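Bear in mind these aren't lab numbers, they're just calculated from the coordinates by the rules spelled out. Just so it is clear, the structure is predicted and the values come from calculations on it, not from any experiment. Note that we place each Cβ from the backbone using ideal geometry, even for glycine, and neighbour counts take in every protein chain shown.
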Amino acid sequence: MQAPPIAPTHLPDTIPGAFFALSAIAADHVVMQIKEGESYRQQTYGEVSKLVRGLASSLNEHGLRPGHRVAIVAENCPEWVIAHLSILTVGATAVPLDIQMPQEQLLSFLTTSNSRFVFVSSKTIDLVRELPSTITVVSMDPATKSHHLSMKDLMEQGQEKPPVDLRVNPDDVASLLYTSGTTKRPKGVLLTHRNFMANAKDIIGKDLAGPEDNFLVMLPLHHAYPFMIAYLVPILLGARMTFLSSLKGPDLVQCIHETGITIAVGVPQIFTMI
């Protein structure tokens, strides 16, 4: 197993701090890819680092401050990752939500979580049309014509500005995750950067994966399990994430063969389709 570019014990104890440290020495490594048509769109650690810093600067300019909350209502995609890292770079708290939950419940969580912004995709934008004006909508899809902020524009505009210089503390809350546990109605759980990084460092220290691995991202990233194993661990290893728009058995098999997937994080129901 090839050693990670940075030993786990030497990684900063915040998610953006660790990501930027890794990106500085693995700038040319591909961090994620997604199939679009017949080919895969790839982005390197260096490219994503610039986009994250640009988006963070723009969000800060639009009023996002440390401690504020920002929701993500979107399917798994590279833009989800960029939005999440940008939120944390400002020192804010990410609130990833399940796009399959009833719209009424989704709107309730957006308001009761006190989210200042919400990132949406073209597939989820209709779910937030009844939001109060106090929540600013950011569209991930540049093709979506609306009065909402454009994530693409924010990333580009932010790269022309000085990067945000906000110190994120390991004990700052990184995410508000909703989980139902043994009850029907999900409850919010606050997790700090130190919580996530302690788990990630422990997993990386087991030498089960390395920077040469390619992780298939299948399960929704608003769940703690895929968030940790299919997202956080790869970006702290200098490894690669592969996203796909279809979970049909033949599409999964084709993706695995085309991209050389080495690690697939899923549940039995998914693996029975392969």
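Where does each of 56-62, 110-116 land if you order them by average Cβ count within 10 Å, highest first?
On the way: 56-62: 22.0, 110-116: 17.0.
Sorting 56-62, 110-116 by mean packing, highest first, produces 56-62, 110-116.
Return, ordered by residue number, the residues of region 74-117 whose backbone nitrogen is under 11 Å from a label point located 7 Å along Cα→Cβ of Leu166.
86-94
Compute the orientation-averaged projected area for the chain from the convex hull of its Cα atoms and round it to one decimal in nm². Walk me through the numbers on the way to the answer.
Values: hull surface 56.9 nm².
That works out to 14.2 nm².
Would you please give the residues with an amide H less than 5 Å from that of Leu149, counting only those at least 5 places away or on a separate chain, with H modeled from the backbone geometry?
Excluding prolines and chain starts, which carry no amide H, the hits are Val137, Ser139.
For the peptides 100-108, 186-194, what is the packing order when you average, over each peptide's residues, the other Cβ atoms within 10 Å and list the highest mean first?
Put in order of decreasing packing, that is 186-194, 100-108.
So if we plug the beta-carbon distance of Asp28 and Lys152 into 1/(1 + (r/R0)^6) with R0 = 25 Å, what FRET efficiency do we get, rounded to 0.05? Show your work: numbers first, answer last.
Working: r = 23 Å, r/R0 = 0.93.
Calculated transfer efficiency: 0.60.
Add -39500 (n - 2.57) for each DSSP H run of 4 or more in the chain, then divide by its residues: what number comes out at 222 nm, to the nearest 500 deg cm²/dmol?
-9500 deg cm²/dmol
Could you derive backbone 3J(HN,Hα) for region 64-71 from the dihedral phi with the Karplus parameters 6.51, -1.76 and 1.60 (θ = phi - 60°), listing whole Hz in sequence and x where the residue is Gly or Pro?
Values, residue by residue: 6, 10, x, x, 5, 10, 9, 8 Hz.
Stretch Asn199-Ser122 to full length: gain in nm at 0.36 nm per residue minus the Cα-Cα span?
Using 0.36 nm per residue and subtracting the Cα-Cα distance, I get 24.4 nm.
Are there trypsin sites (Lys or Arg not before Pro) in region 197-274 that DSSP puts in a loop and that have at most 16 other Cβ atoms within 10 Å, and which ones?
Those satisfying the criteria are Lys206, Lys248.
What is the Cα centroid distance between region 173-250 and region 51-114, reported in whole angstrom?
Here the two parts' Cα centres lie 16 Å apart.
Testing the spin-label approximation: label points 7 Å from Cα along Cα→Cβ at Glu258 and Ile270. State their distance in nm.
Output for this residue pair reads 1.7 nm.
Counting DSSP beta bridges in region 8-271, what percent are antiparallel, to the nearest 5?
Working: 12 of 38 bridges.
If I count the DSSP bridges inside region 8-271, around 30 percent turn out antiparallel.
Can you give the local net charge around Arg129? Use residues other than it whose beta-carbon is closer than 14 angstrom to its beta-carbon, Lys and Arg +1, Asp and Glu -1.
-2
Mark the label point 7 Å from the Cα of Ser245 along Cα→Cβ and return the residues of region 58-101 whose backbone N is within less than 15 Å of it.
75-80
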